[in-house]
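The values are calculated or read from the model by the stated rules, or taken from the named source; none is laboratory data. Computed from a predicted structure; not experimentally measured. Backbone-built Cβ (ideal geometry, glycine too); neighbour counts: all protein chains shown.
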Amino acid sequence: MSDTIATIYRILQRHFGSNPTWWPIFGDDAPFEMLLGAVLVQQTRWETVEQAILRLRDAGLLRVHALAQADTGELAPLLRPAAFHTQKAPGLIAISAYICTHYAGSTAAMLARPTAPLRQELLGLPRIGPETADVVLLYAGEHPVFVVDDYTRRLFGRVHPTVHTPPPTRFTWERARYNIVQKQIEQELTAAATPADAETPNQTGLYADYHALINEVCVRYCLARNPRCDGPPARRVYSIQEGRESYLERHDGCPLRDICAFYQARRT
Ligand code: SF4
């Protein structure tokens, strides 16, 4: 079996199943809620984001006009389950005010812009760096960009997939610049695309599904310290939403062991 980036996707897909639309939505403005979630999840667990989103909903602040007019002192305690809530509160108010001013409160209208200028626009907003911008582009705007997060770097740094496009000299998955890693992955997946393959979603669906699967394997098996290669997986429930409130009952170990350089090196 060749351990390409496309192969890793197939293995993870077979093990965990596909779920490119995993993002739980609790209000009636999904793009705006995803944007909030993308900021809130920085340096914290998804579970705390969901608690904060539910608090916003219950306070009537899960709407862009309402959040734009919120007071930082009122908002920060509602976000408290998420890390850095005092810094994120003014950032979210400013982002909401920007959408109200420039897009009449429609996050969807903003996200309908072409990918490249939209990405630059997002990067100009408070608390939005490359990873957060790409999460918003991919999930909220359905733009075909691959999200590079710490899990992506860790997983590929350990599995060490074969790449067809030569990476820059001294490239490492863990340390290469964000856009270099992103370009490498997108090139590999584009080269491996097979239009006749019914199991392969469109490019946006593929990127969303792959990102979700990388997160799944990294929180279940490929932990930062002491990866659980042979299992059992970490028992973690992400969401209270129906259908997502349970964990995967599999105890047969990480599905990437046969092709993982880190695992193979530990056995020799
Ligand atoms: S085999 Fe172990 S090190 Fe390799 S990807 Fe799986 S959990 Fe991570």
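Quick one: which residue in ASP134, ASP197, ASP209 is modelled with pLDDT under 95, among the acidic types (Asp, Glu) and farther than 21 Å from CYS260 by Cβ?
Numbers: ASP134 fails: modelled with pLDDT under 95; ASP209 fails: farther than 21 Å from CYS260 by Cβ.
So the residue among ASP134, ASP197, ASP209 that is modelled with pLDDT under 95, among the acidic types (Asp, Glu) and farther than 21 Å from CYS260 by Cβ is ASP197.
Of all residues being among the acidic types (Asp, Glu), modelled with pLDDT under 90 and surrounded by 10 or more Cβ atoms within 10 Å (Cβ to Cβ) in the stretch 218-268, which is farthest from the ligand (Cβ to nearest atom)? Just the residue, please. Spell out how you get there, then give the answer.
Residues of the stretch 218-268 that are among the acidic types (Asp, Glu), as a first pass: 230, 242, 245, 249, 252, 258.
Narrowing further to those that are modelled with pLDDT under 90: 242, 245, 249, 252.
With surrounded by 10 or more Cβ atoms within 10 Å (Cβ to Cβ) added as a condition, the list becomes 245, 252.
Working: GLU245: 25, ASP252: 12 Å.
So the residue we want is GLU245.
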- Task: State whether the residues of the stretch 13-25 include one that is surrounded by 21 or more Cβ atoms within 10 Å (Cβ to Cβ) and of a type outside the set (Phe, Trp, Tyr).
- Result: no
- Query: Is it fair to say PHE171 is at pLDDT 90 or above and either more than 12 Å from the ligand (Cβ to nearest atom) or in a loop (DSSP other than H, G, I, E, B) (or both)?
  - Reply: yes
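From HIS85, HIS65, grab the single residue that is within 15 Å of LEU35 (Cα to Cα) and touching a residue at least 12 places away in the same chain (Cβ under 8 Å). Give the steps one after another, and end with the answer.
Values: HIS85 fails: within 15 Å of LEU35 (Cα to Cα).
The match here is HIS65.
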- Query: Say we look at the stretch 148-168 and pick out the residues that are free of Cβ contacts under 8 Å to residues at least 40 places away in the same chain and away from the ligand (no atom under 16 Å from the Cβ); which of these is nearest to THR44 (Cα to Cα)?
  - Reply: VAL148
- Task: State whether the residues of the stretch 1-9 include one that is of a type outside the set (S, T, N, Q) and in contact with a strand residue (DSSP E or B) (Cβ under 6 Å, 6 or more places away or on another chain).
- Result: yes
- Could you please let me know if GLU188 is at pLDDT below 95, closer than 18 Å to THR7 by Cβ, assigned by TED's automatic domain parsing to the domain that holds GLN13 and part of a helix (DSSP H, G or I)? yes
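Among residues belonging to the stretch 26-41 that are free of Cβ contacts under 8 Å to residues at least 40 places away in the same chain and over 11 Å from the mean Cα position of the chain (by Cα), point out the one that is surrounded by the most Cβ atoms within 10 Å (Cβ to Cβ).
Going residue by residue through the stretch 26-41, those that are free of Cβ contacts under 8 Å to residues at least 40 places away in the same chain are 27-28, 33, 37.
Filter once more, keeping what is over 11 Å from the mean Cα position of the chain (by Cα): 27-28, 33.
Values: GLY27: 15, ASP28: 10, GLU33: 23.
Here the residue is GLU33.
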